[in-house]
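Have a look at the structure below, then the notes.
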Amino acid sequence: MISEKEIKERIGKLPIPGVDRTIDGLNLIRDVRINNGKADITIASTGLHDMIRVWIKGALSNTVMHCEGITDAEVNFIDIKPADINKINKIIVVMSGKGGVGKSLVAGLSAIALRRQGFEVGILDADITGPSIPKMFNVTQNPTGTDSGIFPVFSKTGIEIMSANLLLADESTPIMWRGPMIASIINQFWETVVWGRLDYLIIDLPPGTADAPMTVLQNLPVAGIIIVFGPQDLTAMVVRKAVNMAKHMNKPILGAVENMSYLYVPEIDRKIEIFGKSKARTTAKSFGVPLLAQIPIDPSLVRLCDKGEIENYKSEILVKYGKRLKLVVTKAQPVPSESIPPREHA
Ligand SMILES: Nc1ncnc2c1ncn2[C@@H]1O[C@H](COP(=O)(O)OP(=O)(O)O)[C@@H](O)[C@H]1O
Ligand SMILES: [Mg+2]
């Protein structure tokens, strides 16, 4: 006779059409009970259209009826809030006091580096007025869903992405919103998006310390911050601002990344420090923050970003960054939860 736990495991593996995740990946199973050979299954139908519900009902009944000792099955749906389904282990915020330093690039590379190590990863693009994540990953589809919840869009390698740009009919439409509207959409991305089970949700912030960063750091259970800076003299000042904001809001800084550190010229096998000698190591040290990477200016990276193929980026630096990032995010405090233990990884 099959156990309730085994049924959960079996039905959890079924993929949901049109959403690219399994039933368990979205954490939709609410209850499984067996009584006198009858399996009663309750599934959260948050964000699922009628057609998909019908499909799930059929697929689940069929799977369960093939289980040993089961002679009858009933599948019921309940509509619950995405916030009650989402099991996000850790939220990692990428920020900087400055614009154009490569926050979005570092957010993208961080997601890719963690994904390549087998984690379930999402990116919440909180740069509402200047979103650049969808283009980098070439995601253009409008998110699907219902009044009860919407699903993020999936990148080629299975990274969940939600961005204001995906909600527009035309990606070149400017979003001209003031602070409260921006705060409201960020809160909605948190409350109405069905992220499901994620090991890491990376948040890409706009520059500065104003509306979006405040909303994210105040309202979301952030586990840690990654600070991005450039090699120019502004570095120390920018890091200090971000460090101060993080301290003020009681959020740990996991590490710093220096971007555009140097240009490597393969023909002469030399690193050229265009912006002068890097002070990254001393700056990071003086703030007691580990330096996680020094990313060079890389023309191939620009090309891949422009083509929406950032997931094809391969470099030794990214591999090293990924290992260091994994170390610091593993140590970060998880989102408080009474819930299911985090998924296991090799
Ligand atoms: N290391 C790098 N090598 C080459 N181009 C880069 C690098 N970092 C960033 N860029 C380019 O610089 C621009 C700004 O980067 P972005 O990540 O959007 O900055 P931010 O999010 O901080 O405003 C983008 O066009 C990006 O492709
Ligand atoms: Mg950006």
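Hey, can you tell me all the residues within the range 98-142 that are in a helix (DSSP H, G or I), more than 10 Å from ligand 2 (Cβ to nearest atom) and among the basic types (Lys, Arg)? Hits for the range 98-142 are 115, 116, 135. Residue 109 passes every criterion in (1) away from ligand 1 (no atom under 13 Å from the Cβ); (2) modelled with pLDDT of 95 or more; (3) of a type in the set (A, V, I, L, M, F, W, C) apart from (1). Among the candidates 89, 76, 62, the residue that is more than 14 Å from residue 159 (Cα to Cα) and assigned to a helix (DSSP H, G or I) is uniquely 62.
Within the range 86-98, can one find any residue that is on the phi > 0 side of the Ramachandran plot, more than 16 Å from ligand 1 (Cβ to nearest atom) and touching a residue at least 24 places away in the same chain (Cβ under 8 Å)? The answer is no, given that none of the residues of the range 86-98 is on the phi > 0 side of the Ramachandran plot, more than 16 Å from ligand 1 (Cβ to nearest atom) and touching a residue at least 24 places away in the same chain (Cβ under 8 Å). Each residue in the range 221-253 was checked for being under 17 Å from the mean Cα position of the chain (by Cα) and surrounded by 21 or more Cβ atoms within 10 Å (Cβ to Cβ), and 5 of them qualify. Is one or more of the residues making up the range 101-109 closer than 21 Å to residue 47 by Cβ and either crowded, with 20+ Cβ neighbours inside 10 Å or touching a Cys at 6+ places or on another chain (Cβ under 7 Å) (or both)? Scanning the range 101-109, I find no residue that is closer than 21 Å to residue 47 by Cβ and either crowded, with 20+ Cβ neighbours inside 10 Å or touching a Cys at 6+ places or on another chain (Cβ under 7 Å) (or both), so the answer is no. Of all residues in the range 295-309, one or more are touching a residue at least 40 places away in the same chain (Cβ under 8 Å), among the basic types (Lys, Arg) and out of contact with any helix residue (DSSP H, G or I) (no Cβ under 8 Å at 6 or more places or on another chain). Here residue 150 meets each of (1) within 16 Å of ligand 1 (Cβ to nearest atom); (2) among the β-branched types (Val, Ile, Thr); (3) more than 23 Å from residue 312 (Cα to Cα); (4) within 18 Å of the chain's Cα centre (by Cα) with one exception, condition (1).
Does residue 26 satisfy the condition of being more than 13 Å from ligand 1 (Cβ to nearest atom) and crowded, with 18+ Cβ neighbours inside 10 Å? Talk me through it step by step, then tell me what you get.
On the way: more than 13 Å from ligand 1 (Cβ to nearest atom): yes; crowded, with 18+ Cβ neighbours inside 10 Å: yes.
Spelling it out, residue 26 is indeed more than 13 Å from ligand 1 (Cβ to nearest atom) and crowded, with 18+ Cβ neighbours inside 10 Å.
For a quick check of your reading: which helices (runs of 4 or more DSSP H) sit entirely within the range 232-315 and have at least 2 residues that are away from ligand 1 (no atom under 13 Å from the Cβ) and polar (S, T, N, Q)? Lay out the reasoning, then the answer.
On the way: elements: 234-248, 280-286, 299-307.
Passing ranges, in order: 234-248, 280-286.
The values are calculated or read from the model by the stated rules, or taken from the named source; none is laboratory data. As the structure is a prediction and not an experimental result, all values here were calculated from the model. All Cβ positions, glycine included, derive from the backbone under ideal geometry; neighbour counts span all protein chains shown.
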